[in-house]
Structures are given as C-alpha cells and as structure tokens.
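Rule-based calculations on the coordinates, nothing more; no lab input. What you are looking at is a predicted structure, and each value in this text was computed from that prediction instead of being measured. We place every Cβ from the backbone using ideal geometry, glycine too, and count neighbours over all the protein chains shown.
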C-alpha cells in the first residue's frame, strides 16, 4: 500500500495543490482552454512519466509545453523529428579535440538536445526506428551511452512527444512495445467556439506576456517523491487491476475470461505497466487536487490516457467505428467502482480524518 504520509508531507501536498492552481493561471496567460490536457500533463510530470500528445497542427502543443517548462523553471529543448535525423543528432557525439598544453588528442563528448529537463520530440513518428530507439533508451534509462561511456541526464527529465493523426504517408509509427514506455497518450482536441474566439482575439493583437516561475526542479523532485508515498487502499489497486486485466484477450491459466465486447473488438490488451501507471496517475491526480488519499474516481479519470495506446483494436472494431477510447468507455461502464470500499478500508482510514 505504501507509507503513510507524515505531517510535513501533508503540508507539501497542500502546497502542490496551490501550485497546481498557480501553474494553470500562468498557462492561462498564453493557452486558452485545454484544461484536461494540462491536468494530464502535470499528473505525468509528478508521477515521473513521459507523454505522447496527439493532435492536428495548430493546436498550440509546442507552445503549451514550452510555456509549462518556463512556469516550472526547467530547461527546454525542442527536437524536430525528420526522416534524415540521426541518433547522434539527439544524444550528442564525440569529437576529437587537441589539448593545447600537451599536444595530445582526446575524445570529447558534445551533449545533444536530449540533455534538458523538458524535451519536446516534435512529430516523433516522422523519424526512422533507429533514431526513435535512441530517444526511448534515454527515456527508460535516464542516460545516454556514447563511445562506451554513460552520460547521466539531469533530473527531472521528461519527454513529451507529439504526433500528427493525419498525413500518415512516409511516417514510422511507434511500435506498441515502444508506445508502452509512455505513461500517457494525451489527445489535444479542437477548442470550443468561445475558446477559439478568445484565441483569435488575443493572438491577433499586440500583447506582452510574462510567465512567472511557480516551481523549480528541486521542488518538483521533492513532490515526485511525495506522490510515490501517497497511500492507496487495496480496493483501489484492485479496481486498477480489473480495468487493465479485462482488456486482455490472451489469457494465462486461471485468468477470468474478458468481457464479450473485448473479445469482439480487441486483438491485444494492456500489460502490467498499465496497472502501475493507473495507480501512479491516480496518486498524482489526487495530490494535484490537494488530497493525500486516492479514490477510485482518480483511477477512472486517468484510464483513457493510460490505456488508449495500450489497447490494439482489430478489424471488427474498425468496421464498426470503435476506437480504443470507445472500448475504454465500455470498460468503465461495465466495471463500476465499489461504493464505500475505500472509506471502510482500515489501512487508509486515517487519511479520511480531518
């Protein structure tokens, strides 16, 4: 279940709740709407996860990420992925340099753009698999290997990759196993009419916007540690397991059969990493809202960003117009939370005391 939070940690949770409101206020100076996207991004950041953002061009994905990096006082690097991009263009390269005092030549490592706190991998599906793999190694290991030597990446470290759902010709879609390394897949949708009116009004006139820093890297790492220590009731973990395991059509002996709609629409379901990220995402969401306990509603709120890129639909689903989000909607509908299970659990009863 995890440790119980100490009084200092509870105060830090309250501070993060206030910081969340302040971050949204700073982003609101530049970004119109996109509240759900902002919440999911911040939940991934405080859970030490990486994100894929998918949306058509012109929805301010790059602007959102760069502004968020400024509000969090983190270094920012943007890599435009193209078919001719090489792994060394991302990670860095070794060059021969002459030592003027001794006249000897030595290899010196020149860091690439991956050496930043916030890395925007723009249109990640437009570069070949070899280059994609170099980025994914850095994401997983938090380090870069060059010339047989390892170079650690500075913490905190996040990769936010964007994908364009249109113009798929000449692209290199990330394999499912590589997509699984991203905690969330966040869909950036069109703004409402009122939001678009504000966008047009504000971006077609002269204005000077200053983004105030809300948190720094040290504070972010401290809050990431607190998120990990937030207690979770066994009933909440079981609910996360139910959601992830019901997506699987390939079963082990003793597993319960999946629902009929999963058998009909899904060719491959979510693995154990989905269960982990459902709980971690729920913890981060709870803390962002100033709570030191996790509810089943928190798990359900992060179900789509966690599961949508881990569920592979089949031809029957495509023929019926069923997307992974449609499968998740049906999954949530047929897997209701158990009312009262959390508050009755003695393991976290103290978390409900004022």
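Below, the figures for the structure above:
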{"quantity": "Percent antiparallel among DSSP beta bridges (both partners in the chain, rounded to 5)", "calculated": "45"}
{"quantity": "Top of 78, 189, 142 by mean-square fluctuation, Gaussian network on the chain, Cα under 10 Å", "calculated": "189"}
{"quantity": "Point-to-point label distance, residue 130-residue 14, nm (Cα→Cβ direction, 7 Å offset)", "calculated": "5.6"}
{"quantity": "Label point distance in nm, residue 95-residue 238, each placed 7 Å from Cα along Cα→Cβ", "calculated": "6.1"}
{"quantity": "Between 0 and 90°, nearest 10: helix 193-203 axis offset from the chain longest Cα axis", "calculated": "20"}
{"quantity": "Angstrom value of the Kirkwood radius, inverse mean 1/r, which spans all Cα pairs in segment 230-340", "calculated": "14.3"}
{"quantity": "Stretchable slack from residue 155 to residue 207, in nm (0.36 nm times residue separation minus alpha-carbon distance)", "calculated": "15.3 nm"}
{"quantity": "Distance (nanometres) between label positions extended 7 Å along Cα→Cβ at residue 21 and residue 225", "calculated": "2.7"}
{"quantity": "FRET efficiency estimate (nearest 0.05) - Cβ-Cβ, residue 250 to residue 35, R0 30 angstrom", "calculated": "0.20"}
{"quantity": "Residue with peak Gaussian network fluctuation, the chain [Cα springs, cutoff 10 Å], from 270, 121, 60", "calculated": "60"}
{"quantity": "Crossing angle, helix 129-141 versus the chain [Cα axis fit, 0-90 degrees, rounded to tens]", "calculated": "70"}
{"quantity": "Extension gain (nm, one decimal) between residue 195 and residue 314, 0.36 nm per residue minus Cα-Cα", "calculated": "39.3 nm"}
{"quantity": "Over the chain: helical MRE at 222 nm, DSSP H runs n ≥ 4 each giving -39500 (n - 2.57), nearest 500", "calculated": "-13000 deg cm²/dmol"}
{"quantity": "Helix 324-334 axis, angle to the chain major axis (alpha carbon atoms, nearest 10°)", "calculated": "30"}
